[in-house]
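Below is one structure, written out as structure tokens; comments come after it.
The values are calculated or read from the model by the stated rules, or taken from the named source; none is laboratory data. None of the values given here were measured: they were computed from a predicted structure. Here the Cβ positions follow ideal geometry from the backbone for every residue, glycine too, while neighbour counts run over all protein chains shown.
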Amino acid sequence: MYIACSADRGLSTQDTEVLRQIAGCGDDLGREEFDKLWYWLYPVAFSLTHEKLKKIWECTSPKWIEGFITREEAENALKGPQGPQKPGTFVLRFPTSRSWPHPDAGSIVVAYVASDSSIRHRLLSLDLSDDREKYLRPLQDLLLEEPELSHLGRVTRNESAAYKS
């Protein structure tokens, strides 16, 4: 399954599980669950239709935007199996707590290891309305302006991981 006309990057099994978690459903999707899913997914898909973000989404080597991961998954990736990653390590994801009509729905969250080794989250608000898109700076420029971000982190996901509701 692909999102936002992206022929280069589809949704993984784990992405689908996160979508189920957002909707609060299992295999069956009722109207209420569909609405919850749609109110989250539509702003993300809309954001990905804009070239400046779509190019970064489609880049898989390295994978710049992890995409459909929870806050907990991002924190676990930054904590690392052998202890915290080094300060400056970051991952990008879509916030699972922001749905339409929230103004930040479809934005990006950067989770990173701060200089004191704590894990922090920062919303990068992307105003991608059509009339302003030509004035926006690329996401790469926004990241370069953040002095605490220096190393792209990796999220290793277990294919059979169980997701909590």
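Of everything in segment 2-29 that is of a type in the set (A, V, I, L, M) and under 18 Å from residue 61 (Cα atoms), the residue that is modelled with the lowest pLDDT is 7.
In a residue-by-residue description of segment 74-87, the property of being touching a Lys or Arg at 6+ places or on another chain (Cβ under 8 Å), within 16 Å of residue 11 (Cα to Cα) and modelled with pLDDT of 85 or more applies to no position. Could you please let me know if residue 57 is at pLDDT below 90, among the aromatic types (Phe, Trp, Tyr) and either part of a helix (DSSP H, G or I) or in contact with a helix residue (DSSP H, G or I) (Cβ under 7 Å, 6 or more places away or on another chain) (or both)? Criteria met by residue 57.
If you go through segment 30-56 and keep only what is crowded, with 18+ Cβ neighbours inside 10 Å, of a type outside the set (A, V, I, L, M) and touching a Ser or Thr at 6+ places or on another chain (Cβ under 6 Å), you end up with just 40. Residue pairs whose Cβ atoms lie under 6 Å apart, separated by 6 or more positions or on different chains, with the first residue in segment 74-103 and of a type outside the set (A, V, I, L, M, F, W, C) and the second in a helix (DSSP H, G or I), are 85/78; 93/74; 96/22; 99/39; 99/40. For segment 30-54, a residue qualifies if it is of a type in the set (A, V, I, L, M, F, W, C) and modelled with pLDDT of 85 or more, and the qualifying residues are 34, 37, 38, 40, 41, 44, 45, 46, 48.
For residue 66, are the conditions met, namely being modelled with pLDDT of 90 or more, within 20 Å of residue 22 (Cα to Cα) and among the acidic types (Asp, Glu)? In short, no.
In segment 49-63, the qualifying residues are those that are in contact (Cβ under 8 Å) with a residue 12 or more places away in the chain and touching an Asp or Glu at 6+ places or on another chain (Cβ under 9 Å), and the one that is farthest from residue 18 (Cα to Cα) is 52. Scanning segment 63-74 for residues that are crowded, with 16+ Cβ neighbours inside 10 Å and part of a helix (DSSP H, G or I) yields 73, 74.
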